[in-house]
1. Label the range 59-130 by shape, choosing from rounded, prolate and oblate, from the square roots a ≥ b ≥ c of the eigenvalues of the Cα gyration tensor; if a/c is under 1.5 it is rounded, and otherwise prolate applies when a/b is larger than b/c, oblate when it is not.
2. If you take the beta carbon distance between residue 4 and residue 148 as r and set R0 to 35 Å, what does 1/(1 + (r/R0)^6) give as a FRET efficiency, to the nearest 0.05?
3. Among DSSP bridges having both ends in the chain, what percentage is antiparallel? Round to the nearest 5.
4. To test your reading of the geometry: what angle, between 0 and 90 degrees and rounded to tens, separates the Cα axis of helix 240-254 from the longest principal axis of the chain?
5. Taking the Cα-to-Cβ direction at residue 29 and at residue 49 and moving 7 Å from each Cα, how far apart do the two end points lie in nm?
6. Pairing the Cα long axis of helix 259-281 with the longest principal axis of the chain, what angle in degrees results, from 0 to 90 and rounded to the nearest 10?
7. Between the DSSP loop rule and a limit of at most 16 other Cβ atoms within 10 Å, which trypsin sites (Lys or Arg not before Pro) in the range 251-313 are left?
8. Could you size up the charge dipole of the range 1-53 around its Cα centre, putting +1 on the beta carbon of Lys and Arg and -1 on that of Asp and Glu, and report it in debye to the nearest 20?
Amino acid sequence: MKKTPLVSIIIPIYNVEKCLERCLTSVLEQTYNNIEIICINDGSPDESQSIVDKYIDDSRVISIIQENKGISGTRNTGLEYVSGEYVMFVDSDDWLYANCVQRAVDEVLLNDLDVVIWPYTKVFENRKEKQLVYNDTISWLTKDSVVNGFYKDLIGPSGELLSIPHTFNSRVTVHSKLYKTSIVSNVKFVDIKFIGTSEDLLFNVEVFKRVNSCKFINEELYYYNKVNESSLTSTYKPKLIKQWDELHNRLDKLIYSNEIVRSNLINRYAVSIIGLGLNVMSANKSFFWSRSEIHKIIINKRYKEALSVLPIENMPLHWKVFFIFARNKIITPLTLLLLFIYRVILK
């Protein structure tokens with residue numbers, strides 16, 4: 001195997017003229033030089049393409065312009081152009097630590113890994129915060145250890161990870177990972193119009209069924225831009241419950257029928273009410289409307305059954321209270337808690 005394998009970096013681009021130059025500069029100035037940068041302009045109506053054009057003289061930059069397909073379709077386009085032995089995804093409003101690619105390549109070559117994973121730095125308007133994924137560096141070097149380790153945690157939280165249920169999606173991102181290209185070959189992203197969010201999750205569930213070895217290095221290498229982010233906590237999605245039903249149905253069909261893995265999936269259903277509840281809050285409607293919507297979520301059969309078996313023993317007091325309210329359909333206090341999280345903690 002080459003000591004300096006080619007790494008393909010896929011960057012979807014849409015309406016990011018204010019931060020695209022920072023992203024591209026961070027990639028081009030990596031300490032690891034053997035990279036190709038696949039920039040896909042997804043029909044962006046702003047000046048993003050003129051920014052890409054500034055870098056086109058660099059032979060490492062590949063510029064593609066397409067009609068709008070959304071983030072999933074754009075990443076799928078990028079995968080068609082990959083020629084490297086390894087591939088990374090970078091969102092165009094984010095940026096990399098200077099040594100990101102070098103550290104990932106060093107680790108992947110050390111044990112011929114299929115995937116390397118790392119934590120990321122969330123950048124807010126007035127602060128930065130490390131996204132907790134795991135507390136320590138961990139290696140999974142056999143198929144069984146991957147399935148019973150990272151794969152099950154990707155599906156949903158259990159054990160110690162249930163003490164921080166609000167971080168249960170910190171492992172699902174496609175950014176902050178370096179993949180062996182052969183592992184992601186023929187895996188496609190699902191359009192979010194069908195599943196609402198979590199296209200990264202479905203992609204990784206398929207990918208990690210193929211993974212025989214991976215490693216998490218507890219070193220921040222990626223800046224995740226949370227300033228003016230359009231997300232569950234800022235943009236109301238009226239179809240989200242229906243879309244997440246579709247997401248969960250797809251997960252149910254995709255995952256290993258391993259008892260431990262399925263238990264983690266049920267835990268995912270239960271803690272998903274945090275995201276669904278915050279989506280309701282983002283509508284900024286009356287308290288009574290919000291209370292009614294929260295009640296609809298709690299009596300949904302999937303969430304009701306998952307809440308009834310969710311282990312809460314090791315959770316901190318505030319999350320124990322939250323899930324006790326949810327489990328027992330104590331709707332008014334639950335709605336007030338979600339309102340507090342939305343208006344105070346997340347702001």
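The values are calculated or read from the model by the stated rules, or taken from the named source; none is laboratory data. What you see is a predicted model, and the numbers here were worked out from it, not measured in a lab. Virtual Cβ from ideal backbone geometry, glycine too; neighbours counted across all protein chains shown. With ligands, DNA and RNA removed, areas are computed over all heavy atoms of the protein, side chains included. Shrake-Rupley method; radii C 1.70, N 1.55, O 1.52, S 1.80 Å.
1. oblate
2. Computed FRET efficiency for residue 4 and residue 148 comes out at 0.55.
3. 35
4. 70
5. Between residue 29 and residue 49, the simple spin-label model gives 2.8 nm.
6. 80
7. 285
8. 420
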